[in-house]
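Comments concern the structure below.
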Amino acid sequence: MKKISKAVIPAALALSMVASTTAFADPQSNPNGPYIENEQNISLSSYMSNEELFKKLQNLEAQSKGKMKLEIAGYSNQSPDGYQTEADKGEPLYVVKFGDADPNKKRVLITTQIHGNEQIGTEAAIDIIQKLSSGAKDVNEMLDKVSIWIMPRINPEGADNLYEGKWYPTRYTHQTWLPENIDLPEGTAAPWYYNSDGSERAQNNNGRVVYGIPGYDQNRDYNPNLNFRVEDQDKAEVAGFLNSRATNNSNYGGFFVTAESRTVTSVFQDLQPDVYVDVHHRGFNTVSDEDNRSVPMQLAAVVADPYTDPFTGQQYEVDEDVLKLGKQVNALASQTLQRGFSHYGAVQKYPDVNLPGTALGAFALNDAAIMLMEIKGQSQTLGQKQAGMLKETVKAPLYDLFNALADGSIDEVDPAVYDAIPEASNSISDPSTRD
């Protein structure tokens with residue numbers, strides 16, 4: 001029998017073949033990273049802790065020569081029926097005010113870090129506050145016509161969460177569902193957005209970690225009825241609503257069980273803004289099958305359908321003029337980011353949703369034009385990488401928005417520009433598998 005020998009590839013040639021395969025593999029996106037690998041240590045050192053944020057805001061107020069006013073609008077960790085003791089107040093919720101609630105001025109409310117693991121919006125907000133308090137002539141002229149209130153971190157406990165002694169920002173607030181505290185029957189189901197075991201996505205979405213502190217997704221706790229308070233409702237009716245999966249879901253408004261959502265809503269009611277901007281983070285996308293630019297920002301002017309309050313029967317819908325302004329605001333943001341065929345301009349619309357329990361949804365149904373800004377990546381998937389570029393995608397559109405409201409040029413923006421923004425598509429589910 002003839003002996004058949006196996007072909008042997010020299011080691012050097014084999015290595016070069018592997019290297020070539022990797023080098024010529026099509027990237028998932030452009031730019032293709034940087035991403036957090038599964039076992040890589042995540043650095044968050046450039047982001048501010050709650051204490052550092054407070055000190056920064058205090059310094060900016062002192063330097064502003066009266067232009068900026070810093071207030072504590074409320075505190076986190078409040079039970080639905082009020083603070084039990086002074087110690088229960090939790091962390092302060094700050095509001096930075098440039099101007100008052102003058103109905104003769106255009107008014108803008110901006111919130112960031114409604115989810116504790118979405119940090120870059122807060123860092124961008126601080127840069128904006130610093131610019132607005134600078135005393136520059138053009139800024140002062142703009143502020144003569146526009147009032148801007150900024151809440152730069154509305155989930156302070158999730159933002160400063162610790163896990164096994166390390167800084168581990170989480171999506172959720174810190175609070176326990178205790179129905180008996182508001183005279184609901186023991187065992188009444190919690191609102192659907194309650195995280196009972198305190199768990200969060202692990203690094204690079206590699207499973208989950210249980211950090212053991214229950215809480216809520218604050219951005220589902222809002223309600224189009226801005227005066228709704230769960231403790232003031234008919235208890236049997238509320239219990240029946242919560243105990244039914246047909247009603248305890250995202251199609252309905254939230255229950256205002258968190259101090260954070262109540263506080264933000266009270267600020268909204270005080271200012272009655274023309275425009276409300278909420279800055280979030282999300283996952284990763286490319287623009288399309290033909291355009292593999294990595295999407296730095298998704299925008300949305302609509303997040304809620306017409307709504308009927310299940311307890312009062314009151315109807316809410318987005319006013320036609322409010323919707324037009326919302327589209328103009330988002331269109332302007334998209335136009336601002338078009339810088340040739342660059343990464344900045346790879347903007348998409350956020351997926352079509354109906355979420356009346358979000359801050360954006362509830363406020364849009366109460367006559368505020370809205371802009372949802374969804375930056376790519378979160379603490380577990382991007383850390384602080386690309387923070388400078390992503391801050392720019394927030395700051396540049398907001399500066400242009402302030403000036404367009406001040407000089408009236410926002411009225412000249414074509415709403416059809418918003419309609420033409422590419423729809424959300426081409427999700428990259430796990431950036432670390434790009435090879």
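The values are calculated or read from the model by the stated rules, or taken from the named source; none is laboratory data. Predicted, not measured: the structure shown is a model, and the values here were computed from it. Here the Cβ positions follow ideal geometry from the backbone for every residue, glycine too, while neighbour counts run over all protein chains shown. Protein only, heavy atoms only, side chains kept; ligands, DNA and RNA dropped before computing areas. Shrake-Rupley method; radii C 1.70, N 1.55, O 1.52, S 1.80 Å.
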Inset, instruction - Tally the residues that are at pLDDT 95 or above, touching a Phe, Trp or Tyr at 6+ places or on another chain (Cβ under 8 Å) and either of a type outside the set (A, V, I, L, M, F, W, C) or within 15 Å of Ile421 (Cα to Cα) (or both), restricting the search to the range 294-325. - result: 11
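Conditions (1) within 21 Å of Phe311 (Cα to Cα); (2) touching a helix residue (DSSP H, G or I) at 6+ places or on another chain (Cβ under 7 Å), marked per residue:
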position: Pro169; (1), (2): no, yes
position: Tyr172; (1), (2): no, yes
position: Pro185; (1), (2): yes, yes
position: Val209; (1), (2): no, no
position: Pro214; (1), (2): no, no
position: Tyr222; (1), (2): yes, yes
position: Glu231; (1), (2): yes, yes
Inset, instruction - Could you grab me the full set of residues in the range 340-349 that are within 12 Å of Lys376 (Cβ to Cβ) and open to solvent by 60 Å² or more (accessible area, probe 1.4 Å)? - result: none
Inset, instruction - Would you check if there is a residue in the range 317-328 being crowded, with 23+ Cβ neighbours inside 10 Å and under 30 Å from Asp234 (Cα atoms)? - result: yes
Inset, instruction - List every residue pair whose Cβ atoms sit under 6 Å apart, with the two residues 6 or more apart in sequence or on different chains, where the first one lies in the range 211-236 and is among the aromatic types (Phe, Trp, Tyr) and the second, anywhere, is part of a helix (DSSP H, G or I) and at pLDDT 95 or above. - result: Tyr222/Ser261; Tyr222/Ala359; Tyr222/Ala362
Legend entry - Counted residues, the range 93-126 - those being within 17 Å of the chain's Cα centre (by Cα) and open to solvent by 10 Å² or more (accessible area, probe 1.4 Å): 2
Inset, instruction - Would you check which residues across the range 176-218 are open to solvent by less than 20 Å² (accessible area, probe 1.4 Å) and farther than 12 Å from Leu242 by Cα and list them? - result: Ile182, Asn195, Gly198, Ser199, Glu200, Ala202, Asn204, Gly215, Tyr216, Asp217, Gln218
Legend entry - Counted residues, the range 192-223 - those being more than 18 Å from the chain's Cα centre (by Cα) and in a loop (DSSP other than H, G, I, E, B): 11
Legend entry - Top-ranked residue in the range 287-307 [being open to solvent by 10 Å² or more (accessible area, probe 1.4 Å) and outside any loop (DSSP other than H, G, I, E, B); ranked as nearest to Ala101 (Cα to Cα)]: Tyr307
